[in-house]
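Trainee: One structure coming up, written as structure tokens, with questions to follow.
Taken together, the values in this text are just the output of simple stated rules run on the coordinates, not laboratory data. Worth saying up front: this structure is predicted, and the values here are computed from it rather than measured. All Cβ positions, even for glycine, are placed from backbone atoms using ideal geometry, and neighbour counts span all protein chains on display.
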Amino acid sequence: MKQVNIGILGATGAVGQEMIKILEERNFPVASLRPIASARSAGSKILFRGQEYTIVEASDEAFEGLDIVLGAAENDIAERFAPAIVKAGAVFVDNSSAFRLDPNVPLVIPEINPEDVKWHKGIISNPNCTTIVTLVAINALAKESPIETIIASSYQAVSGAGKGGIDELNNEVKALSEGKHLEPKVFQYQIAYNIIPQIGGEAFEGYTSEEMKMQNEGRKILHLPEMKVSCTCARVPVVRSHSVSVVLRTKEKISVERAKELIANAPGCKLVDDLANKIYPMPLDTSDQDIVYVGRIREDLTDERGLNLWCCGDQVRKGAATNTIQIAELLLK
């Protein structure tokens, strides 16, 4: 496979660091690596495959000579540098939400719509982490019969808010055990021993921006423009790996037995479903790996064409860094 020059925009953040780790894990054919970050980090070193690389300050000139740039920065940074990346002749595989709904930018989950990579114009978007976990879990069902509606509730780990989210949970647990109180900084309220039923600001008729991503991005990825989604996203005191409860309705009825067979054979999925023996997907089991676990598959008692399931997946890896690198692998093919 051809060796390519890779840049990582936002290399010092949680997702950027995970990308570096996964590039090495997957033996990605990197000819050279250029970590790119803010002026604050420029000049410091990172280690990749036993070699030190100097972090370069983000600028329009920082992307010259690169083949692929992996985006691990916020929306404003992605928007600021996307034109320079494309002008330099690199393909920008971006993990931010800046370009996801742009009709000229493919939004890709390699297990679902790899063919969409072919029509890129220099930018390819990585979907929202909860959307990725959920759609990987249900894609085989959508292929069997188009999905008409989804009702989803996500239980999202604190690492979805970066390292600060993990630190805040750990510090609050420690403080509370000592009878102290810490004022929240990362989250709106105390997250230790609590659930916060809001992620993102209000976007549409009481739904948050995070909740609308499941519908808006899901329609684009599954090529189901009429699919309707009602979603509730909550932050829970779990360190890593998002969990999602999904009730879906398909155009034609899919039996529970058939659903289990489809999911067991779906790429990126693992069927973990044995209620009698207390076997089901959990965040602890799905952390630090790339497979989405799916279980608790059962009929929806309110709809004869409905199915109910539970899935878990690591939102830092499959929900962000790994999916981005898998897209880059498609480009090499």
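Trainee: Could you give the size of the charge dipole of segment 131-315 about its Cα centre, using +1 on the Cβ of each K and R and -1 on the Cβ of each D and E, expressed in debye and rounded to the nearest 20?
Mentor: Dipole size: approximately 120 debye.
Trainee: Taking a 25 Å limit on the Cα-Cα distance, which of the listed pairs Lys174/Lys213; Lys220/Lys278; Lys121/Lys213 fall beyond it?
Mentor: Cα-Cα > 25 Å for Lys174/Lys213; Lys220/Lys278; rest within.
Trainee: Got a sec? Charge dipole of the chain, +1 on Cβ for Lys and Arg, -1 for Asp and Glu; which of Val246, Ala192, Ile297 is way out at the positive end?
Mentor: Positive-end residue among those listed: Ile297.
Trainee: Of Glu18, Glu148, Glu205, which has the largest mean-square fluctuation in a 10 Å C-alpha GNM of the chain?
Mentor: Most flexible of the set in this elastic network: Glu205.
Trainee: Please build a GNM for the chain, connecting alpha carbons under 10 Å apart, and tell me which residue among Ser287, Ser154, Ser41 fluctuates the most.
Mentor: Ser41
Trainee: Moving to a separate point now. Work out how much length Leu331 to Lys260 would gain on full extension: take 0.36 nm times their residue separation and subtract the Cα-Cα distance, in nm to one decimal. Can you show the working numbers first?
Mentor: Details: separation 71, 0.36 × 71 = 25.56 nm, distance 3.18 nm.
That pair, Leu331 and Lys260, stretches by 22.4 nm at full extension.
Trainee: Related question: Grab the Cα-Cα distance for Leu224 and Glu74, subtract it from 0.36 nm times how many residues apart they are, and report the gain in nm with one decimal.
Mentor: 51.2 nm
Trainee: Work out how much length Glu25 to Lys180 would gain on full extension: take 0.36 nm times their residue separation and subtract the Cα-Cα distance, in nm to one decimal. If you can, show how the numbers build up before the last one.
Mentor: Details: separation 155, 0.36 × 155 = 55.80 nm, distance 4.16 nm.
Full extension of this stretch gives 51.6 nm more.
Trainee: Right, next: I need the trypsin sites (Lys or Arg not before Pro) found in segment 221-298, filtered to DSSP loop residues with at most 11 other beta carbons within 10 Å of theirs.
Mentor: Passing sites in segment 221-298 are Lys278.
Trainee: Determine the calculated [θ] at 222 nm for the chain from helices alone, applying -39500 (n - 2.57) to every DSSP H run no shorter than 4 residues and normalising by the residue count; nearest 500 deg cm²/dmol.
Mentor: Values: 8 runs with 94 residues, N = 333.
So the calculated ellipticity at 222 nm is -8500 deg cm²/dmol.
Trainee: While we're here: Counting only C-alpha contacts under 8 Å and six or more residues apart, can you give the relative contact order of the chain as a whole percent?
Mentor: Once normalised by length, the contact order is 18 percent.
Trainee: Taking the beta-carbon count within 10 Å as an exposure proxy, list Thr12, Thr302 from fewest neighbours to most.
Mentor: By the 10 Å Cβ count, ascending, the order reads Thr302, Thr12.
Trainee: Please give me, ordered by residue number, the chymotrypsin sites (Phe, Trp or Tyr not before Pro) of segment 193-257 that lie in loop per DSSP and have at most 15 other Cβ atoms within 10 Å.
Mentor: When the chymotrypsin sites (Phe, Trp or Tyr not before Pro) of segment 193-257 are filtered for loop state and at most 15 Cβ neighbours within 10 Å, Tyr193 remain.
Trainee: Under the rule of at least 5 residues apart or a separate chain, name every residue whose amide H is placed under 5 Å from the amide H of Glu148.
Mentor: Arg249, Thr250, Lys251
Trainee: Show the residues, 5+ positions off or on another chain, whose built amide H is closer than 5 Å to the amide H of Ile199.
Mentor: Cys233
Trainee: Val238's amide H: which non-local residues (gap 5+, or another chain) put their own amide H closer than 5 Å, with H modeled 1.01 Å from N in plane and none for Pro or chain starts?
Mentor: Val158
Trainee: Cut-off 20 Å, label point 7 angstrom out along Cα-to-Cβ of Gln289: give me the residues of segment 7-36 whose amide nitrogen falls inside.
Mentor: 18-19, 21-27
Trainee: Taking the chain as a Gaussian network, where each spring joins two C-alpha atoms under 10 Å apart, which residue of Ala11, Ala137, Ala62 fluctuates the most?
Mentor: Maximum among the listed residues: Ala62.
Trainee: Using θ = phi - 60° and the Karplus relation 6.51 cos²θ - 1.76 cosθ + 1.60, list the HN-Hα couplings for segment 246-253 in order, rounded to whole Hz, with x at every Gly or Pro.
Mentor: 10, 10, 10, 10, 9, 4, 10, 5
Trainee: Among Cys231, Pro146, Leu176, whose Cα sits farthest toward the positive end of the charge dipole of segment 131-315 (+1 at Cβ of Lys/Arg, -1 at Cβ of Asp/Glu, about the Cα centre)?
Mentor: The one lying farthest along the dipole's positive direction is Pro146.
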